[in-house]
Amino acid sequence: MNFNATLIGQMISFAVFIWFCMRFVWPPITQALTTRKEKIAEGLAAADRGRQEQELAQKAALEKLHEAKQQAAEIIQRAEKRAAEIVDAAKDDAREEGERLMAAARAEIEQEVNRAREALRGQVVEIATAGAARILKRELDATANDELIKDLVAQI
Amino acid sequence: MAAGPATSSEYIKHHLTNLTFGQHADGHWGFAHSMGEAAEMGFWAINVDSMLFSIGLGALFMWGFRKAASTATAGVPGGWQNFVEWVIEFIDESVRGSFSGQSRLVAPLALTIFVWVFLMNFMDLIAVDLLPTLAGLAGVHFLKIVPSTDPNITFGLSLTVFLLVLFYSIKFKGVGGFLGELAFQPFPKWLAPINLILEGVNLISKPVSLSLRLFGNMYAGEMIFILIALMYSGGMVLGTFGGLLQLGWAIFHILIITLQAFIFMTLTIVYLDMACQEHH
């Protein structure tokens, strides 16, 4: 309980400890704390940025999807239109072809009719000639009367 | 001596005596064998036990914290680094709250005071007879293991703080400003002598109250441990009761030792803050 040199010893050791603490203990730890604080702040900022970017990307993706849908709809529409056109064209073609066939058939029929008529005419001429010969009971020059008979037949 | 003192007053006295090394009255150097001999040695003697435990605990603190500091990373901290960071953030907050100036010294100073004083106080929680008995077996007569129950230690701390207060006062206000603050307030200038007395007392009371508060609390706490320990010699029932009391007082004492370390630190910061601030 008496004061002695312990006092001075304690003051010296206290000073040494303060110096040591100030030099070797305090700065590295506070440095680490500050660095970590910065790192955390950076991390949070990066996370925010990431979230924003993700939102933007989502929006862009939605837009793209929308566009694609629109494009698909357009393509389908065009395809339908084209199909209708093709069907119409096919119908037209078919009709034309039919008409053509019909016309050809008609022409052939006409030809046949004409041919038949010609044949008939020939036969009629012969029949008429024969008839006339019989009626006249005399032989006529076939060639001289042919002209006359032909005119007659053409008037039939 | 190793057999231990017989009566309770001798027991108490034995526990309150430091192991003092110095020059005996007859001129030779050696350990004092009683309080009286220690007193006769005068100022140039040293309390070996206080000094050893104080420096040992300080070195332990520095070693532990330096270990954390040298491996400190900004990444994920390990367990010990986490604890050290927790302490340092606590101190840093206290300093920011109380100290308005800019100084690289104050925060490490506060950390040193808080942890060191806490460790020195903590020695109070080690069973009161354990280390002195072991030392007695090894042939050492006296051993006081709680450095903060030695006024030399607490005054050593507070006087260092006082010197820092003076240094900061003069650094921030100049010699004239500091003396002016002592002489020219709170009363007008022509009452300078009265001002000097008032402010002088105010100034001196800072280190005295700082060290005596710590010393008084720790000394009283130690005394209660010793008194309760006396009950062990009172038979089975009283001894058991004493053991329970020891436990209860130790648990309560945890609060006191932490609080005293915190108060010492906070007041140091406040005194240094006052030293840096202009009053007018």
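The values are calculated or read from the model by the stated rules, or taken from the named source; none is laboratory data. Given the structure is predicted, the values throughout are model-derived calculations rather than measurements. Don't worry about glycine lacking a Cβ; one is built from the backbone with ideal geometry, like all the others, and counts go over all protein chains shown. Please note that ligands, DNA and RNA were not included when accessible areas were found on the heavy atoms of the full protein model with its side chains. Shrake-Rupley method; radii C 1.70, N 1.55, O 1.52, S 1.80 Å.
Interface of A with B. Using a 1.4 Å probe and counting protein heavy atoms only, the two chains hide about 3800 Å² of accessible surface, both sides summed. Charge tally around residue B:75: other residues with Cβ under 12 Å, Lys/Arg +1 each, Asp/Glu -1 each, net +2. For residue B:70 and residue A:40, the FRET efficiency from 1/(1 + (r/R0)^6), where r spans their Cβ atoms and R0 equals 22 Å, is about 0.45.
Shown in residue order for the stretch B:259-264 are the 3J(HN,Hα) couplings computed by the Karplus curve 6.51 cos²θ - 1.76 cosθ + 1.60 at θ = phi - 60°: 4, 5, 5, 5, 5, 4 Hz (x for Gly and Pro). Using heavy atoms of the protein chains and a probe of 1.4 Å, the accessible area assigned to residue B:67 is about 110 Å². Only protein heavy atoms count here; on that basis, with a 1.4 Å probe, residue B:232 has an accessible area of about 110 Å².
For chain B, modelled as a GNM whose springs connect Cα atoms under 10 angstrom apart, the maximal fluctuation among B:196, B:19, B:125 occurs at B:196. Both radii come from the Cα set of chain B: Rg as radius of gyration, Rh as Kirkwood radius; their ratio Rg/Rh reads 1.04. Placing a label point 7 Å from the Cα of residue A:153 along the Cα-to-Cβ direction, the residues of the stretch A:109-125 whose backbone N falls under 15 Å from that point are A:114-125.
Sort out for me the Cα centre separation of the stretch B:197-213 from the stretch B:245-280, rounded to whole Å. So the two Cα centres are separated by 16 Å.
The peptide list B:115-123, A:36-44, put in order of mean Cβ contacts within 10 Å with the highest first, becomes B:115-123, A:36-44. The residues packed around residue B:147, meaning those with a beta-carbon under 12 Å from its beta-carbon, carry a net charge of -3 if Lys and Arg are +1 and Asp and Glu are -1. Springs join every pair of Cα atoms under 10 Å in this Gaussian network model of chain B, and among B:136, B:243, B:75 the largest mean-square fluctuation is at B:75. A 1.4 Å probe run over the stretch B:1-150, with the rest of the protein chains in place, finds 48 Å² accessible per residue. Taken one residue at a time, the phi angles of the stretch B:23-28 give Karplus couplings (6.51, -1.76, 1.60, θ = phi - 60°) of 8, 6, 4, 7, x, 8 Hz. Gly and Pro are set to x. Heavy-atom surface analysis with a 1.4 Å probe gives the stretch B:88-181 a carbon and sulfur content of 68 percent of its accessible area. Using a simple spin-label model with pseudo-atoms 7 Å out from Cα toward Cβ, residue B:43 and residue A:53 lie 7.2 nm apart. Residue by residue along B:152-160, Cβ atoms of other protein chains within 10 Å of the local Cβ number 6 on average.
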